[in-house]
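Since the structure comes first, as structure tokens, the remarks are kept for the end.
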Amino acid sequence: MSLHLRYAAISDRGVVRQGNQDSVFAGAHFIAVADGMGGMAAGDLASAIVINTVARLDVPPPSDSVVDELADAVADANRAIRRCVADDPQKEGMGTTLTALWFDGEWFNLVHIGDSRAYRMREGGFEQITVDDTYVQMLVDEGRITAEEAEVHPQRSLLLRALGASEVEPAFQTIKGVPGDRLLLCSDGLSGPVSDSDIARTLQTAASPQEAAESLVQQALDAGAPDNVTVLIADVVTEHPGEQRQIIGGAAADARLAESDTAVLRAVKDQEEAADEDGEAADEESGAKGRGKGRVWRTVLACLIVIVLAAGGGAWWIRTQYFVGVSDAGNISLFRGLPFEVAGYRAAWIEVDSGRSAEDAVDSVEADLEAGMTADGREDAEDDLAELIDPASDNDNLDPLCTTAGGDAESVPAASKDCRDD
């Protein structure tokens, strides 16, 4: 029997805070809460980046490698935050928690880092199913303070782990869903001012997820709500409720952008593939004429994507992309950005110049380099670059290095000219 989720989500900036740095995603297969942190309003950016990155998981999970795919999505989100910090060092220190559940109709796959929490109410029993990544929780685990003392400890909000760090180690769990279960994901803006006993009583008595969410948020506000308050409640039910996905809180302003960018980028990819196929067919008939058509398509599509991204403020997304191409010096290089140039503007920044001339590549690969060889993240781009420039890789992408009269391969300095010209 396949189960479903009936959910409701509310995010409130609270009584004290001027903005909302919490972000929420709720969908049929994936629900998540992220609580951003960091100065210069960067916390809302961090939580928005993470929520908009992991929202791609709102599809039925695969039958295997679920944890690997979940971990990959979280790692991608963390890299996006780190790249944002690298581009603007003043945002150093920004980060976010993440507590999320990926549901396959029977099992929940949970990922957790930080102090946003997941609770479960089942047949009257109430339990917290995540462990806070905080200093006071460590003290509790070590027996140095009690759980009651932790609730009033002056450093109770001090996180030990969060997304945005150079290295992250989320916790993963697998939890079986049972009809009648009521799940709560929340930021510490709820779990701080509202006691577990009050949370449990509300989950037990509220007739619907919406009623429970509204009651819990109001209790936090009545208690002073010194932080943003975010509540996501999901009931496990047997009948499909038909809700639509939601993105709210700090990520809400970026939700339409993220979805439109994704749609445009998917369309661009499809159009590029079609254009490349048309170009190859035309090349067989008329050589350079087909390549010219491909360049026209790329120019038109580049205009489209740059206009959409620029108009929507999606520059941060551009900086999460990588490709291998040709530098101004004519060398095979790794770039961050997009392999397009529109009206004299190139939305790409060189990361690594190998010093190896693109003219060393065979004709087909050289053409691909000129167009830009896109990759799924920096690591894949670095692997592609290494494979291209490594003379010991025994690949057919590059013409052989020049040889000496004795027949041994001549060591070609990274910045030297093409020795075939001698």
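Some points to look at:
- Counting the residues of the range 375-406 that are surrounded by fewer than 13 Cβ atoms within 10 Å (Cβ to Cβ), modelled with pLDDT under 80 and under 22 Å from the mean Cα position of the chain (by Cα) gives 1.
- Selection over the range 152-201 of residues that are assigned to a helix (DSSP H, G or I) and free of Cβ contacts under 8 Å to residues at least 24 places away in the same chain gives a count of 3.
The rows are residues; the columns are (1) farther than 29 Å from S11 by Cα; (2) of a type in the set (F, W, Y); (3) modelled with pLDDT of 95 or more; (4) not assigned by TED's automatic domain parsing to the domain that holds G372.
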position: P209; (1), (2), (3), (4): no, no, yes, yes
position: Q218; (1), (2), (3), (4): no, no, yes, yes
position: A223; (1), (2), (3), (4): no, no, yes, yes
position: V231; (1), (2), (3), (4): no, no, yes, yes
position: V236; (1), (2), (3), (4): no, no, yes, yes
position: E243; (1), (2), (3), (4): no, no, no, yes
position: D261; (1), (2), (3), (4): no, no, no, no
position: D283; (1), (2), (3), (4): yes, no, no, no
position: A288; (1), (2), (3), (4): yes, no, no, no
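- Test: L45 is of a type outside the set (S, T, N, Q) and touching a Cys at 6+ places or on another chain (Cβ under 8 Å): yes
- Some residue of the range 70-84 being more than 14 Å from the chain's Cα centre (by Cα), at negative phi and in contact (Cβ under 8 Å) with a residue 12 or more places away in the chain: no
- V365 being modelled with pLDDT of 85 or more, assigned to a helix (DSSP H, G or I) and surrounded by 16 or more Cβ atoms within 10 Å (Cβ to Cβ): yes
- Residues (over 13 Å from R117 (Cβ atoms) and either of a type in the set (A, V, I, L, M) or touching a helix residue (DSSP H, G or I) at 6+ places or on another chain (Cβ under 8 Å) (or both)) located in the range 175-194: I175, V178, R182, P193
- The listed residue being at pLDDT 95 or above and in the same structural domain as R161 (by TED's automatic domain parsing), out of A48, A100, A42, A86: A100
- Exclusive hit being on the phi > 0 side of the Ramachandran plot and touching a residue at least 12 places away in the same chain (Cβ under 8 Å), set G43, G27, G19, G38: G38
To keep it simple, each residue is scored yes or no on (1) assigned by TED's automatic domain parsing to the domain that holds A42; (2) surrounded by 15 or more Cβ atoms within 10 Å (Cβ to Cβ); (3) at negative phi.
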| residue | (1), (2), (3) |
| --- | --- |
| S166 | yes, no, yes |
| P170 | yes, yes, yes |
| T174 | yes, no, yes |
| G180 | yes, no, no |
| T205 | yes, no, yes |
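- Criterion: at pLDDT below 80 and either at negative phi or surrounded by fewer than 16 Cβ atoms within 10 Å (Cβ to Cβ) (or both) - qualifying residue of I350, I318: I318
- Among the residues of the range 245-259, those identified as hydrophobic (A, V, I, L, M, F, W, C) and at pLDDT 85 or above are I247, I248.
- Selection over the range 211-239 of residues that are more than 28 Å from the chain's Cα centre (by Cα) and more than 20 Å from R122 (Cβ to Cβ) gives a count of 10.
- For the range 141-151, the condition holds for no residue, the condition being that it is touching a residue at least 60 places away in the same chain (Cβ under 8 Å) and not in a helix (DSSP H, G or I).
- Criterion applied to E149, E127, E142 was being of a type in the set (D, E) and closer than 24 Å to G224 by Cβ, and the one residue passing it is E149.
- Screening V194 on (1) surrounded by 15 or more Cβ atoms within 10 Å (Cβ to Cβ); (2) closer than 16 Å to F30 by Cα; (3) not basic (K, R) shows it passes everything except condition (2).
The values are calculated or read from the model by the stated rules, or taken from the named source; none is laboratory data. For clarity, every value in this text was computed on a predicted model and none was experimentally measured. Quick reminder, even Gly has a Cβ in these numbers, built from the backbone with ideal geometry, and neighbours come from all protein chains shown.
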